[in-house]
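Contents: one structure, followed by commentary.
The values are calculated or read from the model by the stated rules, or taken from the named source; none is laboratory data. It should be emphasised that the depicted structure is a prediction, and the values quoted were computed from it without experimental measurement. Glycine also receives a Cβ, built like all others from the backbone with ideal geometry; neighbour counts cover every protein chain displayed.
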């Protein structure tokens with residue numbers, strides 16, 4: 001059975017294929033190999049190639065007597081052999097099955113999918129920065145150390161904080177860095193505490209991080225206007241509270257109006273204020289976290305400062321510290337000594353430091369890209385970044401508020417939060433609505449997060465979208481919302497949602513099956 | 001500004017739709033004392049060539065190992081990266097995509113992760129692998145946390161042959177759970193007795209293979225003793241090329257293998273970003289940290305891939321998650337996979353043989369220098385020399401002659417006097433005979 005686009009809506013006649021089966025392409029009727037125009041089916045690399053072939057020409061190994069201590073590998077590993085053109089084609093074909101910010105607006109709320117400048121990629125590949133070894137004599141890597149120090153300077157100025165730890169590898173690793181410094185500070189006072197307060201709207205990494213540090217997580221409810229409930233927060237304060245972890249702007253896309261009261265409250269019981277800086281892109285250049293009373297905050301260089309997400313990393317999560325915490329920051333760190341730069345690695349030089357949390361010195365490749373981004377924008381441009389990001393989100397909100405249901409009144413920051421009230425009685429869920437966007441050529445927004453509203457749809461357009469691009473996106477969402485609303489009372493065409501996507505390389509995937517009978521690797525067919 | 005498409009007219013029109021007089025109205029929730037009136041004291045925006053000039057000036061201040069004979073290793077290795085690797089990872093669809101939360105339009109990343117997990121499991125000789133960790137050192141810490149969860153025991157025993165960065169990260173990150181991370185000192189004479197440390201409260205023993213000094217040791221008997229004591233054996237590998245020549249840890253009884261994957265596809269980049277590999281036995285699956293990609297079918301019955309078993313992860317389980325990790329090392333994992341796919345079985349094995357052969361030749365020549373001795377007999381592509389004088393001074397002196405001789409022991413064990421004269425030397429396929437000639441001559445002159 002074919003749909004209006006001429007594609008099968010029923011399971012194809014070709015039987016379901018398992019791993020390694022020959023007939024991998026249970027494709028559409030009419031396609032012999034499953035390819036459709038420019039969309040190519042691609043087998044697993046293990047199902048291709050031949051033993052003995054290689055895509056790299058290597059010389060004969062030197063003839064020596066083995067010194068492997070009798071531990072030479074026995075038997076085959078199982079890797080396929082392919083020539084370079086085969087490998088290149090394999091990965092190019094795979095690449096074409098991904099959505100990407102370079103292809104279109106990528107409205108994932110809280111993820112900040114902004115343009116990744118290519119100058120940054122070029123700079124990261126300069127041999128004197130990208131091809132230096134972490135353990136070279138420090139006299140031979142002065143330029144690399146100076147770069148780290150220079151980036152640290154920008155970060156401290158932008159945040160108004162007196163210190164920054166550069167080594168955390170990503171946002172969650174930065175949270176860990178912040179909480180470990182807080183833990184160390186309490187222990188140094190002989191006052192190891194037990195509880196960390198975390199709003200219900202927080203990213204999952206916040207409670208997971210607090211638990212990793214041995215803390216009990218105590219949730220704080222949100223108010224009806226999407227902010228931290230200050231009274232509930234104050235009621236939970238006590239001498240056993242180590243810290244509060246507050247995301248600001250928060251995951252509802254709102255600035256926490258009571259942030260200074262939160263700082264005063266936590267400090268009044270001797271606790272520390274951890275701020276999740278995942279959303280710093282909304283306020284960079286307009287607000288310094290140092291003016292809000294925070295003690296520690298991570299920055300996601302892969303969000304605010306444009307380093308590419310790469311399909312899930314690498315990230316980089318430097319953490320800024322207040323005077324109260326800076327001595328507890330991790331090793332190593334760069335210290336300027338006259339005209340020279342020195343990497344301090346020996347714990348004896350930083351006796352209060354909680355220690356090392358990453359191999360080597362941090363995500364240098366991301367530092368290079370982030371600094372190139374900052375220098376390109378300058379202090380003036382970074383302020384414009386925040387303003388345009390907030391403007392874009394509010395424009396989306398204003399353009400959709402009559403057909404979708406914003407969760408909260410008033411202006412938002414860098415992302416617009418809607419809930420699923422507009423889908424009531426339509427038979428269309430947030431998930432269906434999001435999947436229908438795929439057929440319209442857009443990546444869906446963040447769904448079902450934050451947890452404080454029902455069926456959340458969180459849209460972050462970012463400052464790197466043109467008005468034309470945003471208008472196109474708005475037109476699609478308006479069209480879909482109207483189409484969904486037309487399904488109320490058993491009318492309309494709910495299948496356009498519930499069966500979406502129909503035009504993507506794959507239709508909806510069976511996640512239950514994946515979890516119940518996990519197949520996590522290819523195996524040679526028996 | 002070249003990255004900001006909105007014009008002044010656009011902004012005015014958008015404010016009109018919003019019904020705001022100015023963009024300041026949108027920041028009304030910010031407390032008045034925290035509002036910055038204008039740009040901070042930072043340099044103004046710059047064009048491409050101005051930024052590039054500044055970066056070239058910084059780059060010129062460092063000595064790249066690519067320009068000179070270099071024998072640096074100790075957890076980061078300079079190997080040839082085929083040109084197509086860097087080209088492919090810069091494909092927009094890989095570079096500028098997010099974590100594959102929408103599998104219908106992320107099959108490229110997902111199929112790659114499935115292939116990556118398979119490759120890692122194959123190399124390590126394990127049953128399952130995850131979709132990557134930050135690096136080898138943090139993967140090691142996660143393995144210890146996992147072993148504690150799995151065994152419900154408090155103590156972790158770390159061999160003195162474990163890279164000090166791995167040791168320190170593990171102590172930092174896993175130290176909050178029962179405070180049971182015990183580290184043994186550097187063991188130069190190879191008499192460390194890990195079996196004697198075992199007991200009913202030991203969750204795991206962590207060893208490195210080859211160890212930080214380059215020694216290779218059969219772990220089979222250790223694994224048996226560890227298992228008999230009800231604990232898990234964690235094996236850390238810092239040079240993944242070694243497994244093209246050596247028995248995989250999985251074949252010797254390892255329960256968890258963690259590794260640094262940098263050697264395949266990932267540039268040195270002054271220490272990061274790299275890619276942590278994490279593999280284990282299927283029976284420990286539910287305690288694994290990090291993302292996992294699994295095979296399934298779509299509504300049309302076609303094979304496809306999704307992130308799976310996410311009930312272990314922070315975005316679902318919050319404070320009960322197996323780890324707090326979210327973003328991992330996706331693009332570095334892709335570089336790893338492409339490089340390994342290009343090599344194939346034959347290329348990977350041969351690459352390992354070349355590394356080993358060149359290292360054997362270099363080791364014999366260096367150990368023949370009067371006063372210089374080889375600490376370890378067995379090794380893969382990295383070995384340790386004992387010099388007749390302080391190795392840090394020797395390395396500095398040779399750097400002035402534009403030779404990067406290796407990593408001095410004091411860089412890794414600053415507090416341990418027995419490390420002062422040690423020099424860790426790594427040899428890869430990129431070192432030619434001229435490099436070794438230069439090192440031998442310069443080292444001989446320096447220690448004379």
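Condition first: assigned to a loop (DSSP other than H, G, I, E, B) and over 25 Å from residue B:355 (Cα atoms). Can you find one or more residues in the range B:435-447 that meet it? Checked against the condition, which is being assigned to a loop (DSSP other than H, G, I, E, B) and over 25 Å from residue B:355 (Cα atoms), the range B:435-447 yields no hits at all. Scanning the range B:35-53 for residues that are in a loop (DSSP other than H, G, I, E, B) and either more than 7 Å from chain A (Cβ to nearest Cβ) or surrounded by 11 or more Cβ atoms within 10 Å (Cβ to Cβ) (or both) returns B:36, B:37, B:38, B:39, B:40, B:42, B:43, B:45, B:46, B:47.
Within the range B:344-367, the set of residues being farther than 10 Å from residue B:427 by Cα and facing chain A (nearest Cβ under 7 Å) comprises B:344, B:345, B:346, B:347, B:348, B:350, B:351, B:353. With respect to (1) buried (at least 24 other Cβ atoms within 10 Å of the Cβ); (2) within 22 Å of residue A:107 (Cβ to Cβ), the lone exception for residue B:72 is condition (2). Selection of the range B:317-327 for residues being closer than 16 Å to residue A:219 by Cβ and either in contact (Cβ under 8 Å) with a residue 12 or more places away in the chain or assigned to a helix (DSSP H, G or I) (or both) yields B:317, B:318, B:319, B:320.
Please go through the range B:206-234 and pick out each residue that is within 18 Å of the chain's Cα centre (by Cα), in contact (Cβ under 8 Å) with a residue 60 or more places away in the chain and either closer than 20 Å to residue B:340 by Cα or within 14 Å of chain A (Cβ to nearest Cβ) (or both). Write out each step before concluding.
Let us first name the residues in the range B:206-234 that are within 18 Å of the chain's Cα centre (by Cα), namely B:206-214, B:234.
Still in the list and also in contact (Cβ under 8 Å) with a residue 60 or more places away in the chain: B:206, B:210, B:212-214, B:234.
Across the range B:206-234, the qualifying residues are B:210, B:212, B:213, B:214.
Just name the residue that is surrounded by the fewest Cβ atoms within 10 Å (Cβ to Cβ) out of those in the range A:510-526 that are more than 8 Å from chain B (Cβ to nearest Cβ) and free of Cβ contacts under 8 Å to residues at least 24 places away in the same chain. Ranking the candidates gives A:526 first.
For the range A:331-353, give me the residue count where each residue is over 26 Å from residue B:417 (Cβ atoms) and in contact (Cβ under 8 Å) with a residue 12 or more places away in the chain.
Looking only at that region, the number is 4.
Do you know which of the residues in the range A:113-123 that are within 30 Å of residue B:68 (Cβ to Cβ) and crowded, with 23+ Cβ neighbours inside 10 Å is nearest to the other protein chains (Cβ to nearest Cβ)? Among them, the one singled out is A:123.
Would you confirm whether or not the range A:415-425 contains a residue that is outside the structural domain of residue A:305 (by TED's automatic domain parsing), assigned to a helix (DSSP H, G or I), in contact with a strand residue (DSSP E or B) (Cβ under 7 Å, 6 or more places away or on another chain) and surrounded by 20 or more Cβ atoms within 10 Å (Cβ to Cβ)?
Quick first cut of the range A:415-425, residues outside the structural domain of residue A:305 (by TED's automatic domain parsing) only: A:415-425.
Right, trim to assigned to a helix (DSSP H, G or I) and you get A:420-423.
Checking the rest, the ones that are also in contact with a strand residue (DSSP E or B) (Cβ under 7 Å, 6 or more places away or on another chain) come to A:421-422.
After this cut, where a residue has to be surrounded by 20 or more Cβ atoms within 10 Å (Cβ to Cβ) as well, the list is A:422.
Yes, there is a match, as at least one residue in the range A:415-425 is outside the structural domain of residue A:305 (by TED's automatic domain parsing), assigned to a helix (DSSP H, G or I), in contact with a strand residue (DSSP E or B) (Cβ under 7 Å, 6 or more places away or on another chain) and surrounded by 20 or more Cβ atoms within 10 Å (Cβ to Cβ).
Here residue A:51 fulfils each of the conditions (1) out of contact with any helix residue (DSSP H, G or I) (no Cβ under 6 Å at 6 or more places or on another chain); (2) within 7 Å of chain B (Cβ to nearest Cβ); (3) surrounded by 20 or more Cβ atoms within 10 Å (Cβ to Cβ); (4) part of a loop (DSSP other than H, G, I, E, B) apart from (3).
Checked against (1) within 11 Å of chain B (Cβ to nearest Cβ); (2) in contact (Cβ under 8 Å) with a residue 60 or more places away in the chain; (3) under 30 Å from residue A:96 (Cα atoms), residue A:304 passes all but a single condition, namely (1). Would you confirm whether any residue within the range A:161-172 is without any contact (Cβ under 8 Å) to a residue 12 or more places away in the chain and surrounded by fewer than 22 Cβ atoms within 10 Å (Cβ to Cβ)? Within the range A:161-172, none of the residues are without any contact (Cβ under 8 Å) to a residue 12 or more places away in the chain and surrounded by fewer than 22 Cβ atoms within 10 Å (Cβ to Cβ).
So, in the range A:73-88, exactly how many residues are surrounded by 15 or more Cβ atoms within 10 Å (Cβ to Cβ) and within 33 Å of the chain's Cα centre (by Cα)? Don't jump to the end; show me each part of the working.
Kept after step one, since they are surrounded by 15 or more Cβ atoms within 10 Å (Cβ to Cβ), are these residues of the range A:73-88: A:73, A:77-84, A:86-88.
With within 33 Å of the chain's Cα centre (by Cα) added as a condition, the list becomes A:79-80, A:84, A:86-88.
Going through the range A:73-88 one residue at a time, the tally reaches 6.
Can you say whether residue B:258 is within 22 Å of residue B:428 (Cα to Cα), part of a helix (DSSP H, G or I), at pLDDT 95 or above and more than 10 Å from chain A (Cβ to nearest Cβ), as far as the supplied structure shows? Here the answer is no, as residue B:258 does not meet what is asked. Residues of the range A:260-273 that are within 26 Å of residue A:304 (Cα to Cα) and away from every other protein chain (no Cβ under 13 Å): A:272, A:273. Return yes when residue B:308 is at pLDDT below 95 and closer than 28 Å to residue B:243 by Cβ and no when it is not. Here the answer is no, as residue B:308 does not meet what is asked. Taking the range A:205-237 as the range and being surrounded by fewer than 21 Cβ atoms within 10 Å (Cβ to Cβ) and assigned to a strand (DSSP E or B) as the test, the residues that pass are A:216, A:217, A:218, A:219. Checked against (1) buried (at least 24 other Cβ atoms within 10 Å of the Cβ); (2) assigned to a helix (DSSP H, G or I); (3) in contact with a helix residue (DSSP H, G or I) (Cβ under 6 Å, 6 or more places away or on another chain), residue A:438 passes all but a single condition, namely (1).
The set of residues in the range A:470-509 that are free of Cβ contacts under 8 Å to residues at least 24 places away in the same chain, assigned to a loop (DSSP other than H, G, I, E, B) and under 14 Å from residue A:431 (Cβ atoms) contains only A:507.
A quick yes/no check of all residues on (1) outside any helix (DSSP H, G or I); (2) touching a residue at least 60 places away in the same chain (Cβ under 8 Å); (3) in the same structural domain as residue B:402 (by TED's automatic domain parsing):
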residue	(1), (2), (3)
B:77	yes, yes, no
B:87	no, no, no
B:100	yes, yes, no
B:116	no, yes, no
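Checked against the criterion of being more than 7 Å from chain A (Cβ to nearest Cβ) and over 17 Å from residue A:521 (Cα atoms), the range B:289-303 has no qualifying residue. What tally of residues in the range A:298-332 results from selecting those that are more than 25 Å from residue A:285 (Cβ to Cβ) and outside any loop (DSSP other than H, G, I, E, B)? Final tally of qualifying residues: 3. Selection over the range A:348-398 of residues that are under 27 Å from residue B:269 (Cα atoms), more than 8 Å from chain B (Cβ to nearest Cβ) and either more than 20 Å from the chain's Cα centre (by Cα) or surrounded by fewer than 21 Cβ atoms within 10 Å (Cβ to Cβ) (or both) gives a count of 3.
With respect to the stated conditions, residue B:409 is away from chain A (no Cβ under 11 Å), touching a residue at least 12 places away in the same chain (Cβ under 8 Å), buried (at least 23 other Cβ atoms within 10 Å of the Cβ) and touching a helix residue (DSSP H, G or I) at 6+ places or on another chain (Cβ under 9 Å). Among the candidates B:337, B:341, the residue that is at pLDDT 90 or above and within 7 Å of another protein chain (Cβ to nearest Cβ) is uniquely B:341. Note on the range B:371-401: residues that are at pLDDT 95 or above, surrounded by fewer than 17 Cβ atoms within 10 Å (Cβ to Cβ), within 9 Å of chain A (Cβ to nearest Cβ) and part of a loop (DSSP other than H, G, I, E, B) total 0.
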